[in-house]
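The values are calculated or read from the model by the stated rules, or taken from the named source; none is laboratory data. Keep in mind it's a predicted model, so treat the numbers as computed, not measured. Cβ placement follows ideal geometry from the backbone for every residue including glycine, while neighbour counts extend to all protein chains displayed.
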Amino acid sequence: MSRCTFNVISDKLRSSIERKSTCFRKPISTEKCLAVTLWFFATTAEYRTISHLFGIAQSTVCEVVWETSSAIVHHFLSTYIKFPVGDQAKSVTDGFQKKWNVPQCLGAIDGSHIPVRPPICHHTDYYNRKGWYSILIQVVVDHNYLFRDICVGWPESVHDARVYANSQVYAKATSGQILNGTVLNINGIDVPEYIIGDSAYPLSTFLMKLFDHNVSLSEDVKHFNYRISHARIVSENAFGHLKARWRRLMKQNDMFIERVPTIIAACCILHNICEIHGDSFNADWLDDINNSSYSVEPTALPSTDNETESDCKTIREALIFYFKDNPIQNH
């Protein structure tokens, strides 16, 4: 994170986290609170190490991280993580069209696992097949690797499709608040704005998913899967940058489980802030992601959608023919 970006954040947070003097101690400055929090996010250092580094008590480290994370979410969430509509939506669909020749796409939806210390009650709900405890985060990512929607906090045992069905992006899409922009006529079919996802998600007019690889597929359908998968790489790259920049997300978070979603949300917000401000990212950081023991792929479960819905199938068929007639352009 650049000094300029740091100053922008600290100035905005000052009114919320500025600590007052008492008879017993001097106040901790906003800049120091933010620095402690960023160090906590960016490393896997123990509280004791951070305590010695910044000259504050271990208990104060915990308190500062929680208060600063909460302030980041309060002040920045609605500004830096918002689903594109209007001119912003047009910019995103143009971006997917230009980069991957995928028309009308407003983002890629995907999920990831974040290691946690499980609660005493219902701890088995958080136990995944890799042998560790985690909660789920679902995101929608745009063509610039920015998080446009996040849903975090569900235990590992909950399937991706259920998380999606209970998320704000699903509620807003079904009520027509988002994904409601200009349609594009493709081979006589009106194709609306949509997001793309893997085969675990339910097919709908606003979510185009991969065909199940476990069944026999035609060459055209295989090409459709290839093109959608090619564009979906944005979500994998965004998660990679998120965890490489904020490595705390690769280590079991020992905060109370109720606080973890706020910590994760704050990291997602900071990811967007850094990307938007053009802060540098070292590709070597991704080596830590590849070598992490906390890595798990989503569970592949049977499709949960009703693929006989004619509108959904018609739109997907239109895209199949579009991809066949419009190959990926070399840049």
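Please count how many residues of segment 1-17 are more than 13 Å from Ile72 (Cα to Cα) and exposed (fewer than 15 other Cβ atoms within 10 Å of the Cβ). Walk me through it before giving the result.
As a first pass, look at segment 1-17 and keep what is more than 13 Å from Ile72 (Cα to Cα): 1-5, 7.
Subset that is exposed (fewer than 15 other Cβ atoms within 10 Å of the Cβ): 2-4, 7.
The number of residues fulfilling the criteria is 4.
Could you list all residues from segment 36-62 that are in a helix (DSSP H, G or I) and either more than 21 Å from Gln252 (Cα to Cα) or in the same structural domain as Arg245 (by TED's automatic domain parsing) (or both)? Quick ask: steps written out before the conclusion?
The initial filter retains those residues of segment 36-62 that are in a helix (DSSP H, G or I), namely 36-42, 47-54, 58-62.
Within segment 36-62, His52, Leu53, Phe54 qualify.
Give the residues of segment 71-93 that are within 30 Å of Gly176 (Cα to Cα), touching a residue at least 40 places away in the same chain (Cβ under 8 Å) and part of a helix (DSSP H, G or I), sorted by residue number. Show your work before the answer.
Taking segment 71-93 first, the residues within 30 Å of Gly176 (Cα to Cα) are 72-93.
So of that shortlist, the ones also touching a residue at least 40 places away in the same chain (Cβ under 8 Å) come out as 72-77, 80-86, 89-90, 92-93.
Answer for segment 71-93, where residues must be within 30 Å of Gly176 (Cα to Cα), touching a residue at least 40 places away in the same chain (Cβ under 8 Å) and part of a helix (DSSP H, G or I): Ile72, Val73, His74, His75, Phe76, Leu77, Tyr80, Ala89, Lys90, Val92, Thr93.
Just one of Lys20, Lys26, Lys98 is more than 20 Å from the chain's Cα centre (by Cα), among the basic types (Lys, Arg) and modelled with pLDDT of 95 or more; which is it? Let's see the steps before the verdict.
Numbers: Lys20 fails: modelled with pLDDT of 95 or more; Lys26 fails: modelled with pLDDT of 95 or more.
None of the others qualify; the one that does is Lys98.
Considering only residues that are among the polar types (S, T, N, Q) and within 19 Å of the chain's Cα centre (by Cα), which ones fall in segment 190-236?
Initial filter on segment 190-236 (among the polar types (S, T, N, Q)): 199, 204-205, 214, 216, 218, 225, 229, 235.
Ser199, Ser229, Ser235, listed by residue number.
Taking segment 31-59, which residues are crowded, with 19+ Cβ neighbours inside 10 Å and either touching a strand residue (DSSP E or B) at 6+ places or on another chain (Cβ under 6 Å) or polar (S, T, N, Q) (or both)?
Residue satisfying the conditions is Thr37 alone.
Does Ala161 satisfy being in a helix (DSSP H, G or I), more than 15 Å from the chain's Cα centre (by Cα), farther than 27 Å from Ser91 by Cα and not basic (Lys, Arg)?
Numbers: in a helix (DSSP H, G or I): yes; more than 15 Å from the chain's Cα centre (by Cα): yes; farther than 27 Å from Ser91 by Cα: yes; not basic (Lys, Arg): yes.
It is true that Ala161 is in a helix (DSSP H, G or I), more than 15 Å from the chain's Cα centre (by Cα), farther than 27 Å from Ser91 by Cα and not basic (Lys, Arg).
Would you confirm whether any residue within segment 313-323 is at pLDDT 65 or above and in contact with a His (Cβ under 9 Å, 6 or more places away or on another chain)? Steps first, please.
Residues of segment 313-323 that are at pLDDT 65 or above, as a first pass: 313-323.
Narrowing further to those that are in contact with a His (Cβ under 9 Å, 6 or more places away or on another chain): 320, 323.
Yes: segment 313-323 contains one or more residues that are at pLDDT 65 or above and in contact with a His (Cβ under 9 Å, 6 or more places away or on another chain).
How many of the residues making up segment 118-152 are surrounded by fewer than 16 Cβ atoms within 10 Å (Cβ to Cβ) and under 13 Å from the mean Cα position of the chain (by Cα)? Step through it out loud before you land on a result.
Initial filter on segment 118-152 (surrounded by fewer than 16 Cβ atoms within 10 Å (Cβ to Cβ)): 119-125, 127, 129-131, 144.
Filter once more, so that each one left must be under 13 Å from the mean Cα position of the chain (by Cα): 144.
Residues meeting the conditions: 1.
Does segment 158-214 hold any residues that are surrounded by fewer than 16 Cβ atoms within 10 Å (Cβ to Cβ) and under 16 Å from Val141 (Cα atoms), and which are they?
Matches in segment 158-214: Gln168 only.
Give me the residue from segment 193-220 that is modelled with pLDDT of 90 or more and hydroxyl-bearing (Ser, Thr, Tyr) and, out of that set, nearest to Thr93 (Cα to Cα).
Out of the qualifying residues, it is Tyr194.
Suppose we filter segment 124-147 for residues that are out of contact with any helix residue (DSSP H, G or I) (no Cβ under 8 Å at 6 or more places or on another chain) and part of a strand (DSSP E or B); how many remain?
Of all residues in segment 124-147, those out of contact with any helix residue (DSSP H, G or I) (no Cβ under 8 Å at 6 or more places or on another chain) come to 124-132.
Imposing the further condition that a residue be part of a strand (DSSP E or B) reduces the set to 127.
Number of matching residues: 1.
Give me a count of the residues in segment 33-63 that are β-branched (Val, Ile, Thr) and within 19 Å of Ile273 (Cβ to Cβ).
Looking only at segment 33-63, we keep the residues that are β-branched (Val, Ile, Thr), and these are 36-37, 43-44, 49-50, 56, 60-61.
When the remaining residues are screened for being within 19 Å of Ile273 (Cβ to Cβ), the result is 36-37, 43.
Going through segment 33-63 one residue at a time, the tally reaches 3.
Tell me, please, whether a residue that is touching a Leu at 6+ places or on another chain (Cβ under 9 Å) and in contact (Cβ under 8 Å) with a residue 24 or more places away in the chain can be found in segment 51-59.
The initial filter retains those residues of segment 51-59 that are touching a Leu at 6+ places or on another chain (Cβ under 9 Å), namely none.
Within segment 51-59, none of the residues are touching a Leu at 6+ places or on another chain (Cβ under 9 Å) and in contact (Cβ under 8 Å) with a residue 24 or more places away in the chain.
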